[in-house]
Amino acid sequence: MSGTLYFVPTPIGNLEDMTFRAVNVLNEVDYILCEDTRTSGILLKHYDISKPTKSYHLHNEHAATEKVIQDLKNGQNIAIITDAGTPGISDPGYLLAKGCADENIEMICLPGATAFVPALVVSGLPNHDFYFAGFLPQKKGRQTKLKQLAEEKKTIILYESPHKINTTLEQIREFFGEETRVSLSREISKKFEETKRGTISELIEFSKSKTLKGEIVLVINNSV
């Protein structure tokens, strides 16, 4: 009988965001797949979890997936975690989920931390119909993607890194218009959590006035 693959969300900031169920699952599986075993080691040590860990990240997931699928077929129960948040959401996990679906292996995803939901809720922008786009392409296809998103009459959610945020905000103004309202959230669940709301021009001024740190979530009002 095949084992079960568990997708276990981990805190995106505050370690207290870990759920009791997540800790229990990690204590019960045969081993844990980690995006970075060193980063995950800090979390696992904090919760006295001593299960074996194996690396599973964007650079080895194609090669590693086949071995994990075989272990699941052999009856092992396995958890996958990432450095922060829910596996598979702009993080490794999709290939493994697809492999398990193809092989009819049971998968369970625990509810838990993910950055875009808190950012959407506190944005004050329409949240009944939204488009989660994750990270934009770094170079090729970036403008094409922005043009596509500008035609989506929904609230748009993007992830962005601090070193790209000024460029991205300028591009949003170019493709969505100067009066577009945007909410910028960063350091969600951490000590310096901050959300700034306003027109895209106001957000550009805010971003250029200080050095933003931490992963950033942009919520763009493009709904009808």
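Residues of the range 190-211 that are surrounded by 15 or more Cβ atoms within 10 Å (Cβ to Cβ) and modelled with pLDDT under 95: LYS190 alone.
The residue list ASP83, ASP71 contains one member that is part of a helix (DSSP H, G or I), surrounded by 12 or more Cβ atoms within 10 Å (Cβ to Cβ), touching a strand residue (DSSP E or B) at 6+ places or on another chain (Cβ under 9 Å) and in contact (Cβ under 8 Å) with a residue 40 or more places away in the chain, which is ASP71. Do the conditions hold for SER207, that is, is it of a type in the set (Ser, Thr, Tyr), under 27 Å from PRO92 (Cα atoms) and touching a helix residue (DSSP H, G or I) at 6+ places or on another chain (Cβ under 7 Å)? So SER207 fails the test. What number of residues within the range 168-189 are over 20 Å from PRO137 (Cα atoms) and open to solvent by 40 Å² or more (accessible area, probe 1.4 Å)? Of the residues in the range 168-189, 3 are over 20 Å from PRO137 (Cα atoms) and open to solvent by 40 Å² or more (accessible area, probe 1.4 Å). Taken over the range 86-102, the criterion of being in contact (Cβ under 8 Å) with a residue 40 or more places away in the chain and more than 28 Å from ILE156 (Cβ to Cβ) is satisfied by CYS100 alone. In the range 138-167, of all residues being free of Cβ contacts under 8 Å to residues at least 60 places away in the same chain and hydroxyl-bearing (Ser, Thr, Tyr), the one that is most open to solvent (accessible area, probe 1.4 Å) corresponds to THR144.
The values are calculated or read from the model by the stated rules, or taken from the named source; none is laboratory data. Since the structure is predicted, the reported quantities are computational estimates derived from the model, not experimental observations. When we count neighbours, we look across all protein chains shown, and the Cβ atoms used for this are built from the backbone with ideal geometry, even at glycine. Ligands, DNA and RNA are excluded from the accessible area calculation, which covers all protein heavy atoms including side chains. Shrake-Rupley method; radii C 1.70, N 1.55, O 1.52, S 1.80 Å.
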